[in-house]
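Here the structure comes first, spelled out in structure tokens, and everything after it is commentary.
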Amino acid sequence: MPLLAALAVCASLALGPAASPPAARDPGVLLTGKVVTMNDAGDVWPDAGLWIRSGRIEAVVRAGSPLPAGARSARVVASGGVIYPGLIDLHNHPAHAAYPLMPVGKAYEDRYEWRFYDDAYDRRITYSEFVLASPDYYDLAPELGRYGEYKALAGGTTSLQGADDGLPSSARGCLVRNVETADVGPRRAVSRVDLGRDAREWADLARAQKDGVLVLHLAEGTGERMADEYRAVERSGLVGPRLVAVHGVGLTADQLGDMAARGAGLVWSPLSNFLLYGTTTDVAAAKAAGLDVSLAPDWAPSGSKSVLGELKVADLVNKHRLNGLFTDRELAQAVTRNPARALGWDRRAGRLAAGYVPDLVVLDDRNADPYRNLIEATEENVRLVSVAGDMLYGDEPVMARARATTDVEPAARFPGDRVKVMAGDCPGTDLPPMPLTETRDRLQRALAMDPRFLLDRVGPKPESVRRIRAELARCPGGDPPGELTPPDIQRVLSCRLGLPFEETRLSALTTYEDPEWMNRLVANPNLPAYLKALPDYYRRQ
């Protein structure tokens with residue numbers, strides 16, 4: 001008898017009239033489908049099930065194998081797809097996920113050029129981010145962080161790096177695992193964007209690494225100055241098994257070899273690298289040296305919407321620039337096993353096995369090769385996403401079977417009335433309810449610099465009103481004598497920050513819903529011709 005049929009029989013017996021009184025412990029869920037274990041042997045079991053209970057995988061049950069006794073009363077959920085370990089995004093800035101892809105007109109030398117010397121970037125991102133997140137303005141930092149997690153779930157991501165760990169929305173137990181606060185491995189990850197500029201900052205980097213795994217932007221750009229960054233980090237004693245270097249575009253082959261010899265990790269973000277700098281990391285040298293390479297999208301303003309999207313970029317680079325250097329299985333490992341190993345999570349995450357966390361993504365079965373199936377999948381093909389055994393996102397009918405409660409809302413719609421739903425709130429936390437629909441509306445109104453919305457946000461906060469009035473006093477027309485009005489808000493935003501800079505639409509959760517993303521992508525002058533084939537992955541078959 002096929003496994004699914006056997007499980008259905010067991011479930012019917014457990015639910016029949018002779019069922020025993022409720023057990024003291026929740027029997028959990030049996031999720032069935034084709035299981036891609038990502039283990040050392042590369043086992044793929046076409047007809048198998050995962051018994052998930054109490055935040056762990058209790059067993060992986062193959063067809064023909066007996067069910068564990070406790071699994072016989074578990075609720076059976078037929079996924080109808082291919083089950084993978086959840087995707088781990090080891091480099092992102094989720095608080096920027098609301099922003100659309102930037103129009104880039106030149107190749108920058110390094111990240112310092114566009115971050116510190118580009119007025120358009122400041123007004124498009126830096127100043128807008130301040131206004132959206134500041135308690136004295138729109139005060140939407142939790143919504144910004146949460147939207148980054150929503151977008152991650154839509155792309156099959158279950159663990160996400162780069163969240164502001166000071167925000168309540170980044171706390172453990174809420175939506176995706178935030179790498180900086182997750183309790184999976186023996187050490188926490190500590191993220192830093194900038195290298196030390198003085199002795200105090202270098203000491204902070206050393207402290208951070210002592211406390212955990214240091215995820216550090218390194219050599220993001222071209223030229224000798226980027227190689228110098230590595231020399232500074234090496235002299236400071238930071239290169240070792242607790243260093244995860246992000247980008248590494250300017251690292252030499254010798255430096256990549258040195259990282260491998262010392263046990264460090266590397267995160268590759270090819271799309272962002274090409275869009276900003278016209279080139280990317282020497283991952284061929286990294287592989288030759290034996291350096292573990294993880295794949296990640298960087299962030300919304302210059303990267304893919306998720307690691308699922310970045311897999312397609314890596315696939316094209318691998319075919320056209322690297323001559324097939326990486327196998328499909330190795331690319332799949334770059335978003336599962338490799339980041340888990342870099343974080344020290346490899347005994348609990350990155351694979352599907354008994355004792356591992358039940359973080360997983362289920363995709364449509366469209367290609368007989370399971371790794372090719374993952375690489376070619378788009379957000380439309382995401383059937384189900386589980387974090388810690390909590391089924392949070394997926395196709396409406398699959399979620400109806402997988403989730404015991406009905407606390408979901410529509411998240412994305414695809415042709416043929418294929419609707420994705422999401423359980424976007426975090427019960428049991430201190431966070432207020434934050435429905436996806438309301439979050440989208442608030443962020444879009446703020447991105448449009450809606451003055452009436454800002455007045456609604458600051459009205460109950462006298463201290464914020466006083467600070468805005470102090471800013472107005474420095475603008476032409478001064479501080480008005482009466483109550484603040486929408487024109488006053490428009491005046492202070494324009495006078496002090498040059499906003500709104502341009503019409504800004506909220507970045508959609510999925511690539512399909514965001515044609516402007518693809519239009520800006522293919523218009524980028526730094527993109528190699530072969531990467532302009534990226535839209536082909538998203539054309540419906």
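The values are calculated or read from the model by the stated rules, or taken from the named source; none is laboratory data. Predicted model only: the values in this text are computed from it and were never measured. Backbone-built Cβ (ideal geometry, glycine too); neighbour counts: all protein chains shown. The accessibility values were calculated without ligands, DNA or RNA, using every heavy atom of the protein model including side chains. Shrake-Rupley method; radii C 1.70, N 1.55, O 1.52, S 1.80 Å.
Of the beta bridges in the chain, as assigned by DSSP with both residues counted there, near 55 percent are antiparallel.
The residues of the chain have, on average, 40 Å² of accessible surface per residue, using a 1.4 Å probe with all protein chains present. When the label point is put 7 Å from the Cα of Arg231 along its Cα-to-beta-carbon vector, which residues of region 258-287 have a backbone N closer than 18 Å? Under 18 Å, as judged by backbone N against the label point of Arg231, lie 258-259 of region 258-287. Across the alpha-carbon set of region 34-86, the Rg to Rh ratio works out to 0.94, Rh being the Kirkwood radius.
Could you check the spin-label model distance between Arg187 and Glu330? Points 7 Å from the Cα along Cα→Cβ, value in nm. Calculated label separation equals 2.6 nm.
Once the C-beta distance of Asp40 and Ala288 is scaled by a Förster radius of 25 Å, the resulting FRET efficiency is 0.70 to the nearest 0.05. If you plug the beta carbon distance of Arg197 and Arg123 into 1/(1 + (r/R0)^6) with R0 = 30 Å, you get a FRET efficiency near 0.80.
Across all Cα pairs in region 79-121, the calculated P(r) in 5 Å bins from zero up to the longest distance comes to 5, 13, 16, 18, 16, 9, 8, 6, 6, 3, 0 percent per bin.
Here the accessible area of region 200-312 is 47 percent carbon and sulfur, with a 1.4 angstrom probe and all protein chains present.
Each Lys and Arg adds +1 at its Cβ and each Asp and Glu adds -1 at its Cβ; summed about the Cα centre, the chain shows a dipole of about 940 debye. Here the Debye sum runs over all C-alpha atoms of the chain as equal scatterers in vacuum, and log10 of I(q)/I(0) at q = 0.07, 0.09 Å⁻¹ comes out as -0.41, -0.67. Here, P(r) means the percent of Cα pairs in each 5 Å bin from 0 to the largest distance; for region 247-286 it is 6, 27, 31, 20, 10, 5, 0. Taking the average, over residues, of other Cβ atoms within 10 Å as the packing measure, peptides 521-531, 95-105 rank 95-105, 521-531 from highest down. Largest first and in whole Å, the equivalent-ellipsoid semi-axes of region 99-248 read 26, 23, 15, each the square root of five times a Cα gyration tensor eigenvalue.
For the pair Glu502 and Arg62, the difference between a 0.36 nm per residue extended length and the Cα-Cα distance amounts to 152.9 nm. A crude spin-label estimate for the pair Gln444 and Asn519, with each label 7 Å from Cα along the Cβ direction, gives 1.6 nm.
The tail of the calculated P(r) for region 443-513 beyond 21 Å holds 30 percent of all Cα-Cα pairs. Note on the chain: dipole from Cβ charges, positive end direction compared against Ser191, Tyr393, Asn323; the farthest Cα belongs to Tyr393. Between Ala404 and Ala69, the simple label model (points 7 Å from Cα in the Cβ direction) yields a spacing of 2.2 nm. In whole percents, the pair-distance distribution calculated for region 164-292 from its alpha-carbon pairs, binned every 10 Å from zero, is 13, 41, 34, 12, 0.
Note on Glu224 and Arg474: the extension gain reaches 85.7 nm, defined as 0.36 nm multiplied by sequence separation minus the Cα-Cα distance.
Close Lys pairs in the chain (alpha-carbon distance under 24 Å; sequence gap of 8 or more, or different chains): 17. The translational diffusion coefficient of region 363-439, from Stokes-Einstein at 25 °C and 0.890 mPa s with a Kirkwood hydrodynamic radius over alpha carbon pairs, comes to 180 µm²/s. Between Met518, Thr32, Gly482, the Cα set farthest toward the positive side of the dipole of the chain (charges on each charged residue's Cβ, about the Cα centre) is that of Thr32.
If you roll a 1.4 angstrom probe over the protein chains with everything in place, what fraction of the accessible area of region 327-464 belongs to carbon and sulfur, to the nearest %? Ligands and nucleic acids excluded, carbon and sulfur reach 49 percent. Ordering of 376-389, 441-454 by packing is 376-389, 441-454, highest average first (other Cβ atoms within 10 Å, averaged per residue).
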